[in-house]
Amino acid sequence: MTPTTEPDAAMETYLAAHHDRRVASYMDFLRIPSISALSERAADCRAAAAFVADELRAMGVEHVEISETGGLPMVYGDWLHAEGAPTVIVYGHYDVQPVDPLDLWDSPPFEPVVHAGRMLARGAADDKGQVHMHLRATEALLATRGRLPVNLRFVFEGEEESASPNFERWLIDNRDRLAADVVVISDTGFFEGNLPAITLGLRGVMHGQIDVDGPTVDLHSGSFGGAVDNPINALCGIVAALKGPDGRIRVPGFYDDVVPLDAADRAAFAALPFDEEAYRSSTGVPALVGEVGYTTLERRGARPTLDINGIWGGFQGEGTKTIVPAHAHAKVSCRLVANQDPHRVYEAFRAYVEGIAPPGVRVSVTLLGTGRPSLLPVDHPATQAAARAIERAFGRTPLYAREGGSIMAAADFGAVLDLPVVLFGFTNPDDHAHSPNESMILDNYERGIRAIAYLWDEMARDFGA
Ligand SMILES: [Zn+2]
């Protein structure tokens, strides 16, 4: 289906008339220091939730509620009068990352300024800017049409930047009132060069720890070295056996559930205008390496990983100490892809590590955390509706990307509600999310508001309810 290309005249008139008020409201939202990681900011997080709830109420969204989770609240609201049209859950988060180191900011993080076509402030892009775009798109549609093309349920989280500890439980507890056809998450962005893109997949994660215990205390290496096993040597042997020289993870069954790349997937990766040498040089490494048979973008977006994140044990002070240490430890994480189950991966990992543990030490493996991967096919009607909305608002067809990172909510929506999840985000790749001098290109913000409104039109006419 070809996209409508004309702008919505009534909406354009409304948005033009309300430009200054819109930018002022965006800045008011950004002034609230809603850092979920800091307990002393809890009241600010609740103020940000109240800001969103008040806006939803003012524009005519119904059943608006600050919904407690045990941690920071969710903001819920709905508008359900588009009979026969699909119902969409809209997700974003009103909390932000901490701001240190403060001295690297060009202007104070919670005093937003507009400079060179960008809004500069913590949360300008991730994710208050995108939450604000949804508010403005809904407001413009309700003001100019008196109705929405689809039914919307807004679900705005306050703990996304703190690993969403209460989100899955909240979804389970509220499952009955979250009936919908699709989830739209606006917490991602465009491809390098600020090229419009739709993120099809996100990786999941499995965090584990390996603990190796040898003698009860550090031993004299002259009296015991050579006669007892050394936990650090043993741990290094285990770590070395986790991956082969071909970059493949050697844990039996690790790849069993990985969705293989088909020709269309590989073509989509190949079509991305990716500067591999710039990517390499941005890291400072002498060469990019990874699993044989895959390109860098495929390795980063569509293949699972296993990385040692930290390793410690024994003597680390100045000079020398002749011991056989008592303990050694390693933190391990795996980035996972569709359809790997983090708990299944953990069980395979634990069984393998315990199986290769040498007899002279005790090896234990612990699970520290999980997150599921998510993937929506490019030919899914919701993906195609999103593509048409982006083409109409930004004047070019989007690229299809997969991100190496994770959004807990995306996986939770898929797992708990069994709904397709569209990642419909508009931030510029140089937005410095999580870093000093976070910014949002205001043209992305403005066109994104239109794209959101167009998406509801596209879903209403071509995404069966
Ligand atoms: Zn975010």
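Does GLY117 qualify as being open to solvent by less than 20 Å² (accessible area, probe 1.4 Å) and in contact with a helix residue (DSSP H, G or I) (Cβ under 8 Å, 6 or more places away or on another chain)? In short, no. Among residues of segment 52-71 that are touching a residue at least 24 places away in the same chain (Cβ under 8 Å) and assigned to a loop (DSSP other than H, G, I, E, B), those with a Cβ under 6 angstrom from a residue that is open to solvent by less than 60 Å² (accessible area, probe 1.4 Å) and not acidic (Asp, Glu), sequence gap 6+ or separate chain, pair up as GLY60/LEU142; VAL61/GLY77; VAL61/TRP79; THR69/ASN166; THR69/TRP170; GLY70/ASN166; GLY71/ASN166. Scanning for something part of a loop (DSSP other than H, G, I, E, B), under 26 Å from GLU192 (Cα atoms) and open to solvent by 40 Å² or more (accessible area, probe 1.4 Å), does segment 298-308 turn up at least one residue? Looking through segment 298-308, none of the residues is part of a loop (DSSP other than H, G, I, E, B), under 26 Å from GLU192 (Cα atoms) and open to solvent by 40 Å² or more (accessible area, probe 1.4 Å). When the strands (runs of 3 or more DSSP E) confined to segment 344-427 are screened for residues that are away from the ligand (no atom under 16 Å from the Cβ), those reaching at least 2 such residues are found at 362-371, 399-403.
Taking first residues from segment 384-409 that are in contact (Cβ under 8 Å) with a residue 24 or more places away in the chain and partners that are within 16 Å of the ligand (Cβ to nearest atom) and of a type in the set (S, T, N, Q), the Cβ contacts under 7 Å between residues at least 6 apart in sequence or on separate chains come to ALA401/THR199; ARG402/THR199; GLU403/THR188; GLU403/THR199; MET408/SER164; ALA409/SER164. Residue count for segment 141-150, restricted to those that are closer than 13 Å to THR87 by Cα and either open to solvent by less than 10 Å² (accessible area, probe 1.4 Å) or hydrophobic (A, V, I, L, M, F, W, C) (or both): 2. Quick check on SER221: is it polar (S, T, N, Q) and within 16 Å of the ligand (Cβ to nearest atom)? Judged against the criteria, SER221 is not a match. Looking at ALA409, ALA389, ALA415, just one residue is closer than 25 Å to SER164 by Cβ and open to solvent by less than 10 Å² (accessible area, probe 1.4 Å), and that residue is ALA409. Taken over segment 158-209, the criterion of being within 16 Å of the ligand (Cβ to nearest atom), buried (at least 19 other Cβ atoms within 10 Å of the Cβ) and in a loop (DSSP other than H, G, I, E, B) is satisfied by GLY158, GLU159, SER164, SER186, ASP187, THR188, PHE190, ARG203. Considering GLY146, GLY92, the condition of being away from the ligand (no atom under 16 Å from the Cβ) and either modelled with pLDDT of 95 or more or of a type in the set (A, V, I, L, M, F, W, C) (or both) is satisfied by GLY146 alone. Here is a check on your reading of the model: is ARG266 open to solvent by 70 Å² or more (accessible area, probe 1.4 Å), farther than 27 Å from ASN309 by Cα and charged (D, E, K, R)? So ARG266 passes the test.
Quick one: in segment 428-461, which of the residues that are in a helix (DSSP H, G or I) and among the acidic types (Asp, Glu) is surrounded by the fewest Cβ atoms within 10 Å (Cβ to Cβ)? Give the derivation first.
So the first thing to find is which residues in segment 428-461 are in a helix (DSSP H, G or I), and the list is 442-461.
Right, trim to among the acidic types (Asp, Glu) and you get 443, 446, 457-458.
Values: ASP443: 14, GLU446: 18, ASP457: 20, GLU458: 27.
Ranking the qualifying residues of segment 428-461, first place goes to ASP443.
In the condition set (1) surrounded by fewer than 23 Cβ atoms within 10 Å (Cβ to Cβ); (2) farther than 18 Å from ARG372 by Cα, VAL155 is compliant with all but (1).
Being within 16 Å of the ligand (Cβ to nearest atom), touching a Pro at 6+ places or on another chain (Cβ under 6 Å), within 16 Å of GLU157 (Cα to Cα) and open to solvent by 20 Å² or more (accessible area, probe 1.4 Å) is the requirement here; does ALA37 meet it? Yes; evaluated as a whole, the condition is true for this residue. Across segment 38-48, a minimum of one residue is classified as in a loop (DSSP other than H, G, I, E, B), touching a residue at least 24 places away in the same chain (Cβ under 8 Å) and under 31 Å from the mean Cα position of the chain (by Cα).
With respect to the stated conditions, PHE110 fails to be touching a Gly at 6+ places or on another chain (Cβ under 6 Å) and either away from the ligand (no atom under 15 Å from the Cβ) or in a strand (DSSP E or B) (or both).
The values are calculated or read from the model by the stated rules, or taken from the named source; none is laboratory data. Here the structure is a predicted model, which means the values were calculated and not measured. Every residue, glycine as well, gets a Cβ built from its backbone with ideal geometry; the counts of neighbours run over all protein chains shown. Keep in mind that these areas ignore ligands, DNA and RNA; they rest on the heavy atoms of the full protein, side chains included. Shrake-Rupley method; radii C 1.70, N 1.55, O 1.52, S 1.80 Å.
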